[in-house]
Amino acid sequence: MRLTVFASSSSGNCSLVRGGGRRVLLDAGISAKRIKTALAGEGLTPDDLDGIFITHEHSDHIAGLAVLLKQFPVPVFAPGTVAEALRQSIPGACACVRDIPMEQPVILGELTVTPFPTPHDAPQSAGYRLEADGQALALATDTGCVTDVMLNYLSGAETVLIEANHDEAMLRYGPYPSYLKRRVLSDRGHLSNAECTWLASVLAHWGAERIVLGHLSKQNNVPALARKTVSRGLEGTGAQLFVAPELGRLEVDSDLCCI
């Protein structure tokens with residue numbers, strides 16, 4: 001399986017996954033123009049997509065969806081509450097949006113995609129586990145804490161994209177107002193570098209070979225710090241560590257590692 005991150009930060013999130021002869025996007029939180037340009041760089045157009053899977057309805061995960069669906073009627077998959085929010089907010093989306101129950105697999109040919117709940121300050125939020133070609137890839141960002149359900153779906157995946165949103169000291173002494181700091185630090189906020197380190201270590205011991213850090217805050221984290229912190233927890237595991245860029249392209253291939 002191949003993961004190509006087009007963007008991953010508090011400003012926008014969108015990734016392409018290829019496996020089992022299928023191509024899907026995870027989130028569409030950058031402009032439709034940027035999505036089309038990124039896909040063109042892979043030799044693809046939105047018409048080549050088998051679906052778009054949405055984690056939740058915050059703007060940094062759906063910003064490009066409305067314009068994209070006006071031009072390309074790509075199937076959009078989302079858990080029930082998220083799906084209804086998309087129908088209410090995006091004119092004409094009813095024909096494209098499909099409800100998917102949590103923890104029930106969606107079968108797209110040889111690719112299986114299973115949503116699972118993540119604790120975040122949205123009415124509903126999901127991570128995804130994708131399986132094809134005898135391999136698994138999983139994504140879980142926008143989560144204030146790690147639950148047993150999350151661990152169940154993340155464990156055993158060879159490639160995982162998990163959240164290293166903030167350095168706690170940078171957040172506590174940074175410019176955010178108090179209410180926003182409390183929100184980020186809550187059990188329905190975002191994972192810190194330290195919390196991500198623990199999760200990465202657990203997953204590496206449970207079979208993760210490639211760990212991608214995503215959804216880094218522009219104000220409360222820097223890639224070098226996130227990498228340094230999490231790498232300490234991976235010493236001796238053999239797992240490879242990558243940091244997804246806010247802008248740009250990161251490709252992690254299960255056969256070729258990083259491109």
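Here are the numbers for this structure:
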read-out	value
Length released on extending from Asp255 to Gln240, taking residue separation times 0.36 nm less the Cα-Cα span	4.1 nm
Equivalent ellipsoid semi-axes - Cα gyration tensor, the chain, angstrom	26, 21, 17
Charge context of Lys228, other residues only, Cβ under 15 angstrom, K/R +1, D/E -1	-1
For the chain, built as a Gaussian network whose Cα springs stay under 10 Å, the top-fluctuating residue of Tyr153, Tyr173, Tyr128	Tyr173
Segment 74-170 pair-distance distribution - Cα-Cα, 5 Å bins, rounded %	2, 13, 20, 21, 19, 13, 7, 3, 1, 0
Accessible area (Å², 1.4 Å probe, nearest 10) - Cys94	90
Segments 207-220, 77-90 sorted - mean Cβ within 10 Å per residue, highest first	207-220, 77-90
5 angstrom amide H check on Ser9, placed H, neighbours 5+ away	His215
Overall form of segment 159-250 per C-alpha gyration tensor (a/c, 1.5; a/b vs b/c)	prolate
Sequence ranges 135-142, 176-183, 105-112, ranked by mean other-Cβ count within 10 angstrom, highest first	135-142, 105-112, 176-183
29 Å Cα-Cα threshold exceeded, pairs from Lys36/Lys218; Lys70/Lys181; Lys181/Lys228	Lys70/Lys181
C-alpha center-to-center spacing [segment 1-59, segment 115-147] in angstrom	16
GNM result for the chain, Cα springs below 10 Å: residue of Thr159, Thr55, Thr147 fluctuating most strongly	Thr147
Solvent exposure of segment 108-192 as accessible area per residue, Å², 1.4 Å probe	38
Accessible-area order (highest first, 1.4 angstrom probe) of the listed residues Arg129, Arg188	Arg188, Arg129
Residue-span extension gain [Asp121 to Thr45] - 0.36 nm each, minus C-alpha spacing	24.1 nm
Accessible surface, per residue, of segment 1-81 when the full set of protein chains is kept, probe 1.4 Å, Å²	32
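The values are calculated or read from the model by the stated rules, or taken from the named source; none is laboratory data. Note that this is a predicted model, so its numbers are computed, not measured. Positions of Cβ are backbone-derived with ideal geometry, glycine not excepted, and every protein chain shown enters the neighbour counts. Ligands, DNA and RNA are excluded from the accessible area calculation, which covers all protein heavy atoms including side chains. Shrake-Rupley method; radii C 1.70, N 1.55, O 1.52, S 1.80 Å.
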